[in-house]
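One structure is given below, encoded as structure tokens.
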Amino acid sequence: EIVVAAGAHSADLVSNCMGEFCPLDTERGYSITFPPSSDEMISRAVCDPSYGWIATPMAGGLRVAGKVEMGGREAPPSAEILDKIEQEARVLLGGSLGERVRSKDWLGFRPTMPDALPVVGRSRKLPESVFYAFGHQHVGWTLGGITGKLVAEMAVGKAPSVDLEAYRLDRFRVRNQSNPLSRRNVAGIQQQQQQQ
């Protein structure tokens, strides 16, 4: 058996190797770091929902992480977003943060499906030997255990302990191709599926 669980890289494997339509995108999340002396300003993680980030004291300094943009894997990090996080952190936490450690600026990819649900289930083309487990957005670590359990159950021939219908990749296939309204709205998707 093969399990496709490659996070933001899963779409390439599914589309190019399996020939199945996969509308996975990436939510790009950012973080910046201030020097170790800055972590003394707060004793625990502090979140500001209005700014969309969380500041966390860590051994290597104060990490401020957040912001989300849909941007794929190829675009470079946005200096504007990194600078905005710094400006907002200074407004909320004050001027004694020290200089931002630019060498620790970071951008991570959160694999995301259009409906915000992960893909967990069998391949449509090779259902007995290929399993999918990706697209968990911000909660990949959190859902990793249950996803692994579900894939293991399928791999040994057991019924999954959770109904996986809502998590199937083929939920994005165009089902009613005879409806002119459906054809007009999803022509690009249909062309990709016809090529498969």
Spin-label pair K158/E1, simplified geometry with 7 Å Cα→Cβ offset, distance in nm: 1.0
Counting only DSSP loop positions in the range 37-141, the GluC sites (Glu not before Pro) whose Cβ has at most 12 other Cβ atoms within 10 Å are E74, E99, E128
Report the Cα-based extents of the chain along its three principal axes, largest first, to the nearest Å. 62, 41, 26
For a quick check: with amide H placed at 1.01 Å from N, whose amide H comes under 5 Å from V3's, ignoring anything fewer than 5 positions away on the same chain? F131
Output ³J(HN,Hα) for the range 161-169: one whole-Hz value per residue in order, computed from phi by the Karplus curve 6.51 cos²θ - 1.76 cosθ + 1.60 with θ = phi - 60°, and x for Gly and Pro. 6, 10, 5, 9, 3, 5, 10, 5, 5
Quick one: accessible surface of M58, probe radius 1.4 Å, all protein chains present, in square angstrom to the nearest 10. 90
Given 0.36 nm per residue, what is the gain on full extension from R44 to F109 after removing their alpha carbon distance, in nm? 20.9 nm
E80 versus L92: modelled label distance in nm, points set 7 Å from Cα along the beta carbon direction: 2.1
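The values are calculated or read from the model by the stated rules, or taken from the named source; none is laboratory data. Predicted, not measured: the structure shown is a model, and the values here were computed from it. Don't worry about glycine lacking a Cβ; one is built from the backbone with ideal geometry, like all the others, and counts go over all protein chains shown. Ligands, DNA and RNA are stripped out before the accessible areas are found, and what is left, the full protein with its side chains, is counted by its heavy atoms. Shrake-Rupley method; radii C 1.70, N 1.55, O 1.52, S 1.80 Å.
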